[in-house]
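Visitor: Would you mind keeping the following structure in view while I ask a few things?
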Amino acid sequence: MTPSLIRDHRSDLPDDAPVVVLFRWSAGASGARAAALDRQTGGAILRACTAARGDGAAGTVVDVLAPPGLAARRVIVLSLGAPEALTANGAVLAGAALAGHLEHVGETAAALLAEAFDDSPIAPGDLVANLLLGMRLRNYRFAMRPKAVLHHDLSLTLVADAVDPAPLHRAAAIAEGVTLARSLVNLPASHLNPDTFADHLGPLRDAGIAVEVLDPADLERLGMQAILAVGNGSDRKPRVIVLTWAGGPGAPLALVGKGVCFDAGGLAIKTGPQMFGMKGDMGGAAAVIGTMLALARQKAQVPVVGVLGVAENMLSGASYKPGDVVTTMSGRTVEVFDTDCEGRMVLADVLHYAATRFAPRAIVDLATLTYSVMRGLGHVFAGLFATHDPLAQGLLAAGEATGERFWRLPLDPAYDESLRSAIADLRQHGRDLEDGDAPVAAAFLRHFAEGRPWVHLDIAGKELIDADRPLARAGGQGFGVRLLEEWITGLGPGLTRL
Ligand code: MN
Ligand code: MN
């Protein structure tokens with residue numbers, strides 16, 4: 001588990017707490033104990049809040065230094081905005097703002113006076129849990145410098161009469177899933193590659209998830225010539241990793257992830273700058289892993305399998321080539337053109353494998369797949385393609401709830417026109433890669449879902465960011481974990497609402 005953020009839980013504020021955090025609504029209302037503290041300071045705390053910029057929007061922090069009449073060296077007041085406007089994700093963002101402030105001022109311990117949440121549209125236990133989730137996500141830092149680690153440890157005393165443990169447990173599980181996904185994306189290909197990938201899945205095994213690794217000989221036996229073709233140019237041959245969380249009976253939900261540990265483009269080699277972030281081309285697989293960890297840590301009553309296509313797209317005398325015709329596991333042949341379109345080759349085999357081995361109730365794949373989705377949607381939305389409207393609606397709603405937002409794009413047989421090959425069943429991509437590649441790729445992949453209810457999430461550009469954001473530092477985002485956890489837990493025990 002992640003280091004425990006809450007060191008202590010008690011019902012009374014210790015008199016000698018050096019750092020105290022209070023919460024208030026933008027209208028100024030705070031709890032009875034916060035009001036008592038304010039009276040002890042002769043009104044200094046609330047007076048300081050009137051100096052805050054803006055209108056006390058959620059996440060606004062006022063830091064009162066050495067308040068008179070108190071032993072504390074600082075009292076921090078975090079505004080939650082207007083009660084009617086607060087959302088679960090707004091609380092996560094407010095918690096992140098608080099963690100960012102504590103780091104900025106160099107405080108590593110604080111007592112959180114969690115009261116006055118009665119006006120909240122969110123249950124008090126959920127509100128506390130969401131605040132703590134935001135603190136954990138903002139606090140995460142990745143480094144590979146064991147001798148000079150810059151880690152901002154936080155240790156909190158939670159002051160509250162009664163705290164519902166269930167949402168706290170869920171928030172900790174989500175944080176662990178997101179941070180594992182981030183770390184996997186952050187790990188360079190020198191450390192995370194097809195040979196070593198499964199070595200990084202210890203937390204999953206620890207949580208009760210079965211981890212099955214299909215090695216290159218297994219892939220040959222199964223006829224997975226598409227993923228094998230992609231990985232053939234690398235000295236580290238592909239693997240398919242199957243994760244099973246047997247949280248309930250019946251056919252599972254299948255999560256499929258693109259796990260290209262490094263994408264040089266193959267013989268259609270990328271330019272240097274295009275290649276810089278390509279250790280993150282396994283961001284889809286990382287999202288599947290993080291989601292399954294978050295579910296297993298909660299002992300979620302749902303059957304879920306994860307299928308990861310793990311490969312490197314490199315250059316050598318054995319690389320697959322433009323003009324090659326590859327027979328996928330499904331038996332369909334694919335005429336290869338741009339070897340940099342390796343993601344859809346990998347997914348062709350793992351989608352077919354997931355669909356035929358598990359007969360899943362639905363398949364959701366996540367892949368850092370196309371530049372075109374980044375060009376079309378920019379940094380705000382990722383692309384969603386779906387064969388079934390209820391699946392799309394559920395995932396779009398979960399995206400809005402968690403801030404991992406998706407825009408639905410067309411999945412239409414008309415795009416198959418671009419995928420005609422004179423000598424094979426399918427062309428690898430359309431004739432003009434600059435022209436609508438994302439929906440063409442989705443049309444290609446649809447053949448390999450084998451008629452199962454299916455959603456394709458094109459998350460290109462969402463896996464790694466180059467500047468700090470409210471919930472995460474620059475680096476791996478763990479994008480997709482919160483989305484999928486929210487959606488799957490919302491389907492209920494046994495996935496009854498799927
Ligand atoms: Mn590529
Ligand atoms: Mn790629």
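The values are calculated or read from the model by the stated rules, or taken from the named source; none is laboratory data. This structure is a prediction, so every number in the text was calculated from the model and none was measured. All Cβ positions, glycine included, derive from the backbone under ideal geometry; neighbour counts span all protein chains shown.
Each row is one residue, and each column tells you yes or no for (1) outside the structural domain of Ala296 (by TED's automatic domain parsing); (2) under 21 Å from Leu102 (Cβ atoms); (3) in a strand (DSSP E or B); (4) touching a Phe, Trp or Tyr at 6+ places or on another chain (Cβ under 6 Å).
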| site | (1), (2), (3), (4) |
| --- | --- |
| Ala17 | yes, yes, no, no |
| Leu22 | yes, yes, yes, no |
| Ser30 | yes, yes, no, no |
| Arg39 | yes, no, no, no |
| Arg47 | yes, no, no, no |
| Gly56 | yes, yes, no, no |
| Val77 | yes, yes, yes, no |
| Glu84 | yes, no, no, no |
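Visitor: Starting from residues that are over 14 Å from Gly284 (Cβ atoms) and within 10 Å of ligand 2 (Cβ to nearest atom), keep the ones in the range 252-267 and report whichever is surrounded by the most Cβ atoms within 10 Å (Cβ to Cβ). First the steps, then the outcome.
Guide: In the first step, residues of the range 252-267 are kept if they are over 14 Å from Gly284 (Cβ atoms); the result is 252-253, 262, 264-267.
Those still in the list that are within 10 Å of ligand 2 (Cβ to nearest atom) too: 262, 264-266.
On the way: Phe262: 22, Ala264: 24, Gly265: 19, Gly266: 28.
Once the filter is applied, the top-ranked residue is Gly266.
Visitor: Which condition breaks for Arg357 when tested against (1) farther than 30 Å from Asn130 by Cα; (2) modelled with pLDDT under 95?
Guide: (2)
Visitor: Inspect all residues belonging to the range 229-236 and state whether any of them is surrounded by fewer than 24 Cβ atoms within 10 Å (Cβ to Cβ) and more than 14 Å from Ala311 (Cβ to Cβ).
Guide: Just the residues of the range 229-236 that are surrounded by fewer than 24 Cβ atoms within 10 Å (Cβ to Cβ), to begin with: 232-233, 235-236.
Subsequent filtering for residues that are more than 14 Å from Ala311 (Cβ to Cβ) retains none.
Checking the range 229-236: not a single residue is surrounded by fewer than 24 Cβ atoms within 10 Å (Cβ to Cβ) and more than 14 Å from Ala311 (Cβ to Cβ).
Visitor: Would you check if Ser319 is more than 16 Å from ligand 2 (Cβ to nearest atom) and surrounded by fewer than 23 Cβ atoms within 10 Å (Cβ to Cβ)? Give the derivation first.
Guide: Working: more than 16 Å from ligand 2 (Cβ to nearest atom): no; surrounded by fewer than 23 Cβ atoms within 10 Å (Cβ to Cβ): yes.
The answer is no for Ser319.
Visitor: All but one of (1) within 28 Å of Ala424 (Cα to Cα); (2) part of a loop (DSSP other than H, G, I, E, B); (3) of a type outside the set (A, V, I, L, M) hold for Gly309, so report the exception by its number.
Guide: Tallying (1) within 28 Å of Ala424 (Cα to Cα); (2) part of a loop (DSSP other than H, G, I, E, B); (3) of a type outside the set (A, V, I, L, M), Gly309 fails exactly one: (2).
Visitor: Would you mind telling me which numbered condition in (1) over 15 Å from Ala441 (Cα atoms); (2) in a helix (DSSP H, G or I) Ser372 fails?
Guide: The one condition Ser372 does not meet is (1).
Residues are listed down the side, and each one gets a yes or a no for (1) within 18 Å of the chain's Cα centre (by Cα); (2) surrounded by 22 or more Cβ atoms within 10 Å (Cβ to Cβ); (3) within 16 Å of ligand 1 (Cβ to nearest atom):
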| site | (1), (2), (3) |
| --- | --- |
| Val336 | no, yes, yes |
| Thr339 | no, yes, yes |
| Leu347 | no, yes, yes |
| Leu351 | no, yes, no |
| Thr356 | no, no, no |
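Visitor: Among the residues of the range 56-70, is there at least one that is hydrophobic (A, V, I, L, M, F, W, C), within 29 Å of Pro167 (Cα to Cα) and in contact (Cβ under 8 Å) with a residue 60 or more places away in the chain?
Guide: Just the residues of the range 56-70 that are hydrophobic (A, V, I, L, M, F, W, C), to begin with: 57-58, 61-62, 64-66, 70.
Subsequent filtering for residues that are within 29 Å of Pro167 (Cα to Cα) retains 57-58, 61-62.
This time we only want the ones that are in contact (Cβ under 8 Å) with a residue 60 or more places away in the chain, so: none.
So far as the range 56-70 goes, no, none of its residues is hydrophobic (A, V, I, L, M, F, W, C), within 29 Å of Pro167 (Cα to Cα) and in contact (Cβ under 8 Å) with a residue 60 or more places away in the chain.
Visitor: So which residues in the range 395-421 are in contact with a strand residue (DSSP E or B) (Cβ under 8 Å, 6 or more places away or on another chain) and in a loop (DSSP other than H, G, I, E, B), if there are any at all?
Guide: So the first thing to find is which residues in the range 395-421 are in contact with a strand residue (DSSP E or B) (Cβ under 8 Å, 6 or more places away or on another chain), and the list is 395-396, 399, 404-411, 418-421.
Once the filter is applied, which keeps residues that are in contact with a strand residue (DSSP E or B) (Cβ under 8 Å, 6 or more places away or on another chain) and in a loop (DSSP other than H, G, I, E, B), the range 395-421 yields Glu404, Arg405, Leu409, Pro410, Leu411, Arg420, Ser421.
Visitor: Scan the range 268-285 residue by residue and report those that are under 23 Å from Leu351 (Cα atoms) and surrounded by fewer than 24 Cβ atoms within 10 Å (Cβ to Cβ).
Guide: Step one: of the range 268-285, the residues under 23 Å from Leu351 (Cα atoms) are 278-285.
Passing the criteria: only Met278.
Visitor: Output the residues belonging to the range 361-375 that are more than 15 Å from ligand 1 (Cβ to nearest atom) and buried (at least 24 other Cβ atoms within 10 Å of the Cβ).
Guide: If the condition is that a residue be more than 15 Å from ligand 1 (Cβ to nearest atom) and buried (at least 24 other Cβ atoms within 10 Å of the Cβ), then Ile363, Val364, Asp365, Leu366 are the ones that fit.
Visitor: Would you mind stating whether Met282 is within 11 Å of ligand 2 (Cβ to nearest atom) and out of contact with any Ser or Thr (no Cβ under 7 Å at 6 or more places or on another chain)?
Guide: yes
Visitor: Output yes when any residue across the range 393-410 is of a type in the set (Phe, Trp, Tyr), farther than 30 Å from Ala96 by Cβ, surrounded by 20 or more Cβ atoms within 10 Å (Cβ to Cβ) and within 23 Å of the chain's Cα centre (by Cα), and no when none is.
Guide: Residues of the range 393-410 of a type in the set (Phe, Trp, Tyr): 406-407.
From what is left, the residues that are farther than 30 Å from Ala96 by Cβ are none.
No, the range 393-410 contains no residue that is of a type in the set (Phe, Trp, Tyr), farther than 30 Å from Ala96 by Cβ, surrounded by 20 or more Cβ atoms within 10 Å (Cβ to Cβ) and within 23 Å of the chain's Cα centre (by Cα).
Visitor: Out of Ala71, Ala114, report the one residue that is surrounded by fewer than 18 Cβ atoms within 10 Å (Cβ to Cβ) and closer than 16 Å to Thr157 by Cβ.
Guide: Ala71
Visitor: Among the residues of the range 113-131, is there at least one that is of a type in the set (Val, Ile, Thr) and either under 24 Å from Ala35 (Cα atoms) or at pLDDT below 90 (or both)?
Guide: Let us first name the residues in the range 113-131 that are of a type in the set (Val, Ile, Thr), namely 122, 128.
Then keep just the ones that are either under 24 Å from Ala35 (Cα atoms) or at pLDDT below 90 (or both); that gives 122, 128.
Within the range 113-131, one or more residues are of a type in the set (Val, Ile, Thr) and either under 24 Å from Ala35 (Cα atoms) or at pLDDT below 90 (or both).
Visitor: Within the range 294-312, can one find any residue that is at pLDDT 95 or above, among the polar types (S, T, N, Q) and more than 32 Å from the chain's Cα centre (by Cα)? Quick ask: steps written out before the conclusion?
Guide: Of the range 294-312, the ones at pLDDT 95 or above are 294-312.
Filter again for among the polar types (S, T, N, Q), leaving 298, 301.
Narrowing further to those that are more than 32 Å from the chain's Cα centre (by Cα): none.
No - not one qualifying residue is present in the range 294-312.
Visitor: For Met329, work out the one condition from (1) touching a Leu at 6+ places or on another chain (Cβ under 7 Å); (2) surrounded by 24 or more Cβ atoms within 10 Å (Cβ to Cβ) it doesn't fulfil.
Guide: For Met329, the exception is condition (2).
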